[in-house]
Amino acid sequence: MSLTMKFITYNAKNFRQIEYLKKLPEQVKHEIEIVSKVLPFKTNNYVVDYLIDWENYETDPVFILNFPNRKMLHEKQYLEVENAWQKGLSEQEFQNVVNKIRLQLNPHPANQLTNVPRLDNQPLPGVQHKYRDIVLFFPSQGQTCHAHCTFCFRWPQFVKDLDLQFSMREIDMLTEYIKRNEHVHEILFTGGDPMVMSPLTIAKYIDQIFEADIPHLDTIRFGSKSLTYWPFTFMPDHSDEADDMLKLFRRIVDKGYHLSFMAHFNHPVEMENSAVQEAIYNIRQTGAEVRTQAPVLKNINDDPQIWREMWTKQVNLGMVPYYMFIERETGPYAYFEKPIAEVYDIYRNTIKYTGSLAKTVTAPVMSASMGKVHVMGVIENPLDHQKYFMMQYVRHRNVEETYKPFLAHYDEKATWFDQLVRADADMILSLEKE
Ligand code: SF4
C-alpha cells in the first residue's frame, strides 16, 4: 500500500472506470447500472483493490456487499426500471418510476420516523430516542459512508429525491434534550457513518458535549464500518488526519467517558489484511473498546463456519462480539433475508463451537417496531409436539417490557417478527379449559 492513501469514490456515474470491472461481461455492468438507479451504490479504491477477489467476483462477499445486482430487485421492478431507462423518458418521468419502486421497498422499517423526540414542542430531526437510556444522533455531515452496503436498512438516507434524510446541524439542542432527560446516559453517533467526518468536525460535537457537562451522560458510542471500508482513518502512517482522530478518542476516554466503537463486520475477509488489524490495535490503544455487530445475510454470510471464523478473529483481535441481527425487511431484503428459524440454527451451530469470549453476543435479534426481539430458542411441547420460538425483548420502548420471555408459534418460513403469532394467550386459554 502506498504511504498516504488517496480516497477515490466509485458510484453509479463512474464505476466503469474501475480497472477490474473492465474485464467483466457488459451485461454485468449494465445490470449494476440499472439497479443503482434505485438502490444507492458507492464503493472506493481500497475496497476494490484490497478486499475483492475479482477472479471469483460473482460469489465474493465484498463484491456482493458493495455492488448492486439484478436479483436485488424483483424481476418485475428490474424490467420496469430498465424499460423506463431505455425508453428515454424525461428526467422527471424516469425519477417517478424510480421513486415508485423505492416506495415498494419499505423505506421506513420499524417506524424509525416515530422515534424523533421533541424539545419545547420542536422536533429534533437529527435525533432518535427509542430506548430509555440512549439517544441516537445523526450528525448532518455524517450521513454517508465510505462505501454503501447493498443490504443497508438505512438506504433511503443515501438516495436523493425522497425527503427521508435525518439531519441536525446543531448539537446544542440535543445536549439540552439530554440534560432534561436524566435517564439518558448514552449517546450513539450514527449515520451513515460518523467516521466519514474529519476529526475536527467530530471534535466540535464532542467539545459541545464536554461543555454541556451532563452528569448522567457517561457513554459515547460511534457506529461505524470504517474499519472495513477505510481503515486509514486510524492509521497515522497512511492518513494526515488519523493522528487527530486517535487523539480525539483518547481525549474522550481521559475525560472519563466510556467510549465504545461499534464496528460492523459482515465477513471474516474484512479483517484479514494488516491495515484493518493495525487500525483496530490503534483504536484499542486509545482506551476505547471495540464491539462488533452484523446481520445474517443470504449470499454473504449465512453459514455457521463463516460466523465461527468471524467471531474467533474478532476475539483474537481484542474485539467484543455484540449483536447478530436478522436482516430487516427493507430495500433488497428478498435477496438477503433468511427465515428466523434458519438464522437461529446458524447462531446455535456457531456459538456452541466458539470459545468463551465470543459468547458475549446476543443473537439472533430483530430490530422491530417496539424494540429488539431476541430469539432465545426453539422449544417443543412433549405432549402435543407443537413447536414454539421462545423470545424476549432485550430492548423495548417501555423498559418494563424487557427481559420477559414469551412464546410465538414456530413457523419455519417466517422471516420477520410481524409474521409470527404469539402463543402465550392461546396456551393460557387451553390450560384454563383443562
Ligand atoms: S456502512 Fe452501515 S450505514 Fe453505511 S451503508 Fe453500510 S450498513 Fe449502511
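The table that follows gives values for the structure above.
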{"quantity": "Helices (runs of 4 or more DSSP H) within region 168-264 that include 1 or more residues among the acidic types (Asp, Glu)", "calculated": "172-180, 199-212, 242-254"}
{"quantity": "Every residue from region 58-103 that is among the hydroxyl-bearing types (Ser, Thr, Tyr) and in a loop (DSSP other than H, G, I, E, B)", "calculated": "59, 90"}
{"quantity": "Residue selected from region 207-231 under the condition within 16 Å of the ligand (Cβ to nearest atom) and of a type outside the set (Ser, Thr, Tyr), by the criterion surrounded by the fewest Cβ atoms within 10 Å (Cβ to Cβ)", "calculated": "223"}
{"quantity": "Strands (runs of 3 or more DSSP E) wholly inside region 298-403 containing at least 1 residues that are under 26 Å from residue 63 (Cα atoms) and in contact with a strand residue (DSSP E or B) (Cβ under 8 Å, 6 or more places away or on another chain)", "calculated": "320-326, 362-367"}
{"quantity": "Some residue of region 244-259 being buried (at least 21 other Cβ atoms within 10 Å of the Cβ), more than 16 Å from the ligand (Cβ to nearest atom), of a type in the set (Ser, Thr, Tyr) and free of Cβ contacts under 8 Å to residues at least 60 places away in the same chain", "calculated": "yes"}
{"quantity": "Unmet requirement for residue 354, which otherwise passes all of (1) more than 18 Å from residue 327 (Cα to Cα); (2) touching a helix residue (DSSP H, G or I) at 6+ places or on another chain (Cβ under 8 Å); (3) outside the structural domain of residue 333 (by TED's automatic domain parsing)", "calculated": "(3)"}
{"quantity": "Any pair with Cβ under 6 angstrom, 6 or more apart, that starts in region 218-230 at a residue that is closer than 16 Å to residue 248 by Cα and ends at one that is more than 14 Å from the ligand (Cβ to nearest atom) and outside any loop (DSSP other than H, G, I, E, B)", "calculated": "219/186; 219/258; 220/187; 220/252; 220/259; 221/260"}
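Okay, residues lined up against (1) more than 16 Å from the ligand (Cβ to nearest atom); (2) outside the structural domain of residue 177 (by TED's automatic domain parsing); (3) at pLDDT 95 or above; (4) under 18 Å from residue 13 (Cα atoms):
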| position | (1), (2), (3), (4) |
| --- | --- |
| 58 | yes, yes, yes, no |
| 70 | yes, yes, yes, yes |
| 119 | yes, no, no, no |
| 142 | no, no, no, no |
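The values are calculated or read from the model by the stated rules, or taken from the named source; none is laboratory data. Quick caveat: nothing in here was measured; it's all calculated off a predicted structure. No Cβ is skipped: glycine too gets one built from the backbone with ideal geometry, and neighbour counts run over all protein chains shown.
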